[in-house]
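Beneath this line is the structure, given in structure tokens, with notes to follow.
The values are calculated or read from the model by the stated rules, or taken from the named source; none is laboratory data. No experiment lies behind these values; they were computed from the predicted model shown. Using ideal geometry, Cβ is built from the backbone for each residue, glycine included, and neighbour counts are taken over all protein chains shown.
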Ligand SMILES: [Fe+2]
Ligand SMILES: [Fe+2]
């Protein structure tokens, strides 16, 4: 737990230094836009659920949720345009949901039962919570940038609404709350580790591409990245004992 708190502190410090360059900023917003829609895989989950559910009110919730994520994607893409740049190419090593799906295998599977919908909505709860946390952390990094702050505020408001959407859909299918809680905890553990790996991948990419200009700083962050990698590897070894959800 302590190692994770230190990692979070250094993530913040690192972001402050890497994102002061325009290239860093463009990459960050490319990645954020992609996580909202793009190739992250989240949008296809909405389509599958919308096809499966019959209830018009639930269908509508799914549609609104998807439209919100697409609007966020567009907002971040527009910001890149305002900067006079184009979105940067990304790999699956920079996509949280894709990394998580290596364990869960949920993105490609068809939705054929109420339980499939409950599982996806429980996973989305974890993803939405991560988005909120990430945007709140960014608010600390960009507190003097009015344009970024207002985008983040809007996104956070929507993501909080999405948590309610997810819970509404779960309730609609009369899910056993104890089972949902258990599933949620399992997803949370897996997501947490995937997120730490993602942060490390991004950090290495930022360093390889010299988003951090000072060479001494780059050496320092490489060293910190090495420590983070060791901690993640330890956690992965422990994870062997985690039950992998169905
Ligand atoms: Fe979003
Ligand atoms: Fe969301």
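Okay, here's what the table says:
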| read-out | value |
| --- | --- |
| Within segment 143-172, considering residues that are in contact (Cβ under 8 Å) with a residue 60 or more places away in the chain and more than 11 Å from ligand 2 (Cβ to nearest atom), the one farthest from residue 124 (Cα to Cα) | 147 |
| Any chance residue 20 is modelled with pLDDT under 95 and touching a helix residue (DSSP H, G or I) at 6+ places or on another chain (Cβ under 9 Å) | no |
| Test: residue 134 is free of Cβ contacts under 8 Å to residues at least 24 places away in the same chain and surrounded by 15 or more Cβ atoms within 10 Å (Cβ to Cβ) | yes |
| Condition met for residue 186 (more than 13 Å from ligand 1 (Cβ to nearest atom), within 26 Å of residue 31 (Cα to Cα) and either part of a loop (DSSP other than H, G, I, E, B) or in contact with a helix residue (DSSP H, G or I) (Cβ under 8 Å, 6 or more places away or on another chain) (or both)) | no |
| Subset tally (residues that are more than 16 Å from ligand 1 (Cβ to nearest atom) and in a helix (DSSP H, G or I)) for segment 121-162 | 6 |
| Residue match in segment 189-196 (condition: more than 17 Å from the chain's Cα centre (by Cα) and part of a helix (DSSP H, G or I)) | no |
